[in-house]
1. Inside the stretch 1-13, can you point out the residues that are part of a loop (DSSP other than H, G, I, E, B) and either surrounded by 12 or more Cβ atoms within 10 Å (Cβ to Cβ) or in contact with a strand residue (DSSP E or B) (Cβ under 6 Å, 6 or more places away or on another chain) (or both)?
2. Could you check how many residues of the stretch 8-32 are among the β-branched types (Val, Ile, Thr) and farther than 15 Å from Leu71 by Cα?
3. Kindly establish whether Thr101 is polar (S, T, N, Q), under 17 Å from the mean Cα position of the chain (by Cα) and in the same structural domain as Gly8 (by TED's automatic domain parsing).
4. Within the stretch 72-88, which residues are surrounded by 12 or more Cβ atoms within 10 Å (Cβ to Cβ), more than 23 Å from Glu45 (Cβ to Cβ) and either out of contact with any strand residue (DSSP E or B) (no Cβ under 6 Å at 6 or more places or on another chain) or at pLDDT below 95 (or both)?
5. Going through Ala28, Ala16 one at a time, which residue ends up being outside the structural domain of Thr101 (by TED's automatic domain parsing), among the hydrophobic types (A, V, I, L, M, F, W, C) and exposed (fewer than 12 other Cβ atoms within 10 Å of the Cβ)?
6. Residues Arg106, Arg115, Arg95: which one is at pLDDT below 90 and among the basic types (Lys, Arg)?
Amino acid sequence: YPHEFSGGMRQRAMIAMALSCHPKLLIADEPTTALDVTIQAQIMELMQKIRDETGTSIILITHDLGVVANLADRVAVMYAGKIVEQGSARDIFYRAAHPYTAALLRSLPTVETSRSE
């Protein structure tokens, strides 16, 4: 029964169902939300494998910038329902042009950030 599967198994089953008709485009809306870190990594590896082996394009909708950094070639940043910036992942992460994008990136924790911040 589906309710007996773990979150990661349910997510894998949903990906398998989506791929069963061999789409050229997969839309993944928050594919790693509410999964533990190891399962998140497995789902991301699976999506990379799908992309690389089948040539399927993936539109990844997520709030997790770590997921974006690991999987995305191109990034579009939305604010108030509109795309405010788009470009290569490298350009977005290293040369953000829009203030909202810059604020998102500043919100990421770093090793240098103290625990009190």
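1. To start, the set of residues in the stretch 1-13 that are part of a loop (DSSP other than H, G, I, E, B) comprises 1, 5-6.
Phe5, the sole residue that qualifies.
2. Qualifying residue count, the stretch 8-32: 1.
3. It is false that Thr101 is polar (S, T, N, Q), under 17 Å from the mean Cα position of the chain (by Cα) and in the same structural domain as Gly8 (by TED's automatic domain parsing).
4. Met78, Tyr79, Gly87
5. Ala16
6. Working: Arg106 fails: at pLDDT below 90; Arg95 fails: at pLDDT below 90.
Answer to the selection: Arg115.
The values are calculated or read from the model by the stated rules, or taken from the named source; none is laboratory data. The structure presented is a predicted model; accordingly, all values stated were derived computationally and were not measured. Heads up, the Cβs are rebuilt from the backbone with ideal geometry, glycines too, and the neighbour counts pull from every protein chain shown.
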